[in-house]
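Working notes, structure below.
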Amino acid sequence: MNRELKFRIWSKRVNQYIDLNTGNYDFSLNELFCELQKNSVIQQFTGLKDVNGRDIYEGDILQRPCLHSDYIYKYVCEWSDEESAFMLRNHWNDIKDIFLPDFKKIEVIGNIFENSELLSNEN
């Protein structure tokens with residue numbers, strides 16, 4: 001499977017994403033390399049899009065409706081070295097395969113850095 005390789009970078013120092021594609025960051029080149037090594041979390045694009053066509057990255061908070069009730073499931077997208085695949089972890093820390101039968105109903109609602117409060121309340 002060929003997929004586009006894209007990354008996003010969370011800076012722990014300034015608490016925001018660094019957009020390398022637009023040059024929208026306040027670092028010199030030397031500072032940027034130091035930032036990437038010491039103060040950043042690099043997240044990879046999964047190659048998948050949500051129900052709204054939004055790219056899904058590691059660290060994204062996703063939701064999907066339950067098939068048989070009004071319950072909303074929430075997950076965090078993570079890379080699994082053991083499985084060599086992107087996986088979904090629910091709030092019970094159970095790992096679920098990302099290729100759910102109703103995958104097309106998954107929606108990105110935030111990410112773990114900017115929207116961690118979304119994980120504290122399941123509904």
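The values are calculated or read from the model by the stated rules, or taken from the named source; none is laboratory data. Here the structure is a predicted model, which is why all the values come from computation and not from measurement. Positions of Cβ are generated from backbone atoms using ideal geometry, with glycine treated the same way; all protein chains shown enter the neighbour counts.
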(request) Report the residue count in segment 33-54 for those that are basic (Lys, Arg) and part of a strand (DSSP E or B). (result) 1
(message) Give me the residue from segment 80-119 that is among the β-branched types (Val, Ile, Thr) and not in a strand (DSSP E or B) and, out of that set, modelled with the highest pLDDT.
(response) Ile112
(request) State which residue is nearest to the chain's Cα centre (by Cα) when the search covers only segment 4-18 and only residues that are closer than 24 Å to Leu48 by Cβ and part of a loop (DSSP other than H, G, I, E, B). (result) Lys6
(request) Could you please find all residues in segment 30-61 being at pLDDT below 80 and not polar (S, T, N, Q)? (result) Glu31, Leu32, Phe33, Cys34, Glu35, Leu36
(request) Residues being within 14 Å of Ser116 (Cβ to Cβ) and outside any strand (DSSP E or B): count how many of those fall in segment 55-79. (result) 1
